[in-house]
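One structure is given below, encoded as structure tokens.
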Amino acid sequence: AKAMGRNRYEFFTQNLQAEIISHKRTADEVLAGIDNDEFVTWYQPQFNAQTNELTGVEALVRWRHPHFGILAPDRFLKIAEDLNVAATLDHIVLQTVLKDKMRWTAMGLQVPKVSVNVSSRRLHDEGLVGTLRSLSIRPGEISFELVESIFLDEHEDIAATNLDQIKALGIDIEIDDFGTGHTSIVSLLKLKPKRLKIDRQLVMPILNSPQERALVRSIIDIARSLGVETVAEGVETMQHAALLRDLGCDLLQGYAFARPLGFEDFTQMALANWAR
Ligand code: C2E
Ligand code: CA
Ligand code: CA
């Protein structure tokens, strides 16, 4: 029994060691990937629930890994945060979005407002507003998606100052993943966001669960009474889309319409199906 215990211990340390080495390797690869322009921006469309028009686009980061191909953020975002480079990725995405918007305009493609995800570290960066100014973003063309836990941070004052100035630059604020974690009605009143994104954990069960349906209905009603637009995430079927429209949700985003797409695929789809 003792020998077995020891084996188990050795097995455990070996595993842990392997994990540490692989984590370190991934960390080095992330840093090299930034230098080698391996991080790319994909796009997922959002549609007006009533008219089905293309009304928004969310930009989502992907890693074009030299060996593993396209990787989603769950494979690298946590490591990027630990390495303090999540804000760098956010910035790469924003720059790409602005560049891609110019390409769309040159093609005669009208792409509406693009939403980018903003990590906590970036919102708390004192240099953020200066950086944004230097990008000469036109009012209304970009919107920032923030998760509410960002505002429970210790440097709330910097975040609040940044938020005011971001809004003054004509960048809209959206609350992401609403309905999970610490989101509260009070923060809605305080933040006065343009849009609120209802988390897919709440959206996905609405067809079968009266509880989630009631919750989504009241979120939409409250948002509306405050003049805040609602976006449903994770809309996977047309039944979901129909119910959300009946509940009064403004925008729909999910696999029922399109998955996130790279620049070429998105442009092709937009030109063929969504351009007015
Ligand atoms: P999120 O902000 O909630 O983004 C929506 C996620 O839901 C995306 O995952 C998208 O691919 C996925 N999704 C869209 N429609 C559906 C659907 O119908 N069903 C299901 N099951 N999923 C759907 P993705 O692209 O893997 O991104 C994961 C998370 O990584 C994002 O969640 C966001 O928190 C973060 N993220 C992505 N890009 C960036 C970025 O540029 N900067 C930062 N800081 N975070 C990012
Ligand atoms: Ca988001
Ligand atoms: Ca979300």
Original post:
What are the residues in the range 58-90 that are surrounded by fewer than 20 Cβ atoms within 10 Å (Cβ to Cβ), of a type in the set (A, V, I, L, M, F, W, C) and not in a strand (DSSP E or B), if any?
Top reply: 68, 72, 77, 79, 83
**OP:** Scan the range 231-245 residue by residue and report those that are over 15 Å from residue 259 (Cα atoms) and within 14 Å of ligand 2 (Cβ to nearest atom).
**Re:** 231
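Can you tell me which residues in the range 221-238 are touching a residue at least 12 places away in the same chain (Cβ under 8 Å) and away from ligand 3 (no atom under 16 Å from the Cβ)?
Let us first name the residues in the range 221-238 that are touching a residue at least 12 places away in the same chain (Cβ under 8 Å), namely 221-224, 226, 228-238.
Correct list: 221, 222, 224, 226, 237, 238.
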Subject >> Which numbered condition residue 218 misses (of (1) at pLDDT 90 or above; (2) within 19 Å of residue 149 (Cβ to Cβ)) >> reply: (2)
Original post:
Within the range 178-223, can you find the residues that are open to solvent by 60 Å² or more (accessible area, probe 1.4 Å), on the phi < 0 side of the Ramachandran plot and in a loop (DSSP other than H, G, I, E, B)?
Top reply: 182, 194, 208
**OP:** Starting from the range 108-132, keep only residues that are over 20 Å from residue 47 (Cα atoms) and of a type in the set (D, E, K, R), then list their pairs with residues that are open to solvent by 50 Å² or more (accessible area, probe 1.4 Å) and more than 13 Å from ligand 1 (Cβ to nearest atom) whose Cβ atoms are within a distance under 9 Å, requiring at least 6 positions of separation or different chains.
**Re:** 126/161
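Of everything in the range 233-276 that's part of a loop (DSSP other than H, G, I, E, B) and of a type in the set (A, V, I, L, M, F, W, C), which residue is modelled with the lowest pLDDT?
Within the range 233-276, the first condition is being part of a loop (DSSP other than H, G, I, E, B), and the residues that meet it are 233-237, 248-250, 253-260, 262, 275-276.
Retained after the next criterion (residues that are of a type in the set (A, V, I, L, M, F, W, C)): 235, 249, 256-258, 275.
Details: 235: 98, 249: 98, 256: 98, 257: 97, 258: 97, 275: 81.
Checked the range 233-276; the qualifying residue modelled with the lowest pLDDT is 275.
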**OP:** Scan (1) open to solvent by 30 Å² or more (accessible area, probe 1.4 Å); (2) more than 20 Å from the chain's Cα centre (by Cα); (3) within 18 Å of residue 201 (Cβ to Cβ) for the single condition residue 245 breaks and write down its number.
**Re:** (3)
**OP:** Scan (1) open to solvent by 30 Å² or more (accessible area, probe 1.4 Å); (2) touching a residue at least 24 places away in the same chain (Cβ under 8 Å); (3) closer than 25 Å to residue 252 by Cβ for the single condition residue 44 breaks and write down its number.
**Re:** (1)
Original post:
If only one of 13, 55, 105 is in contact with a Leu (Cβ under 7 Å, 6 or more places away or on another chain) and either under 19 Å from residue 251 (Cβ atoms) or part of a helix (DSSP H, G or I) (or both), which one is it?
Top reply: 55
**OP:** Please state which of the following conditions residue 191 fails to meet, knowing it meets all the rest: (1) touching a helix residue (DSSP H, G or I) at 6+ places or on another chain (Cβ under 9 Å); (2) under 24 Å from residue 128 (Cα atoms); (3) without any contact (Cβ under 8 Å) to a residue 12 or more places away in the chain.
**Re:** (3)
**OP:** Of the conditions (1) open to solvent by less than 50 Å² (accessible area, probe 1.4 Å); (2) more than 15 Å from ligand 1 (Cβ to nearest atom); (3) farther than 16 Å from residue 243 by Cβ; (4) out of contact with any Pro (no Cβ under 9 Å at 6 or more places or on another chain), residue 228 clears all except one; give me its number.
**Re:** (4)
Subject >> Failed condition for residue 115, given (1) in a loop (DSSP other than H, G, I, E, B); (2) open to solvent by less than 20 Å² (accessible area, probe 1.4 Å) >> reply: (1)
Original post:
Under the condition of being within 16 Å of ligand 3 (Cβ to nearest atom) and polar (S, T, N, Q), which residue from the range 90-124 is modelled with the lowest pLDDT?
Top reply: 120
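The values are calculated or read from the model by the stated rules, or taken from the named source; none is laboratory data. Model, not experiment: these values are computed from the prediction. Cβ: placed from backbone, ideal geometry, glycine included. Neighbour counts: every protein chain shown. Heavy atoms of the whole protein, side chains included, go into the accessibility calculation; ligands, DNA and RNA do not. Shrake-Rupley method; radii C 1.70, N 1.55, O 1.52, S 1.80 Å.
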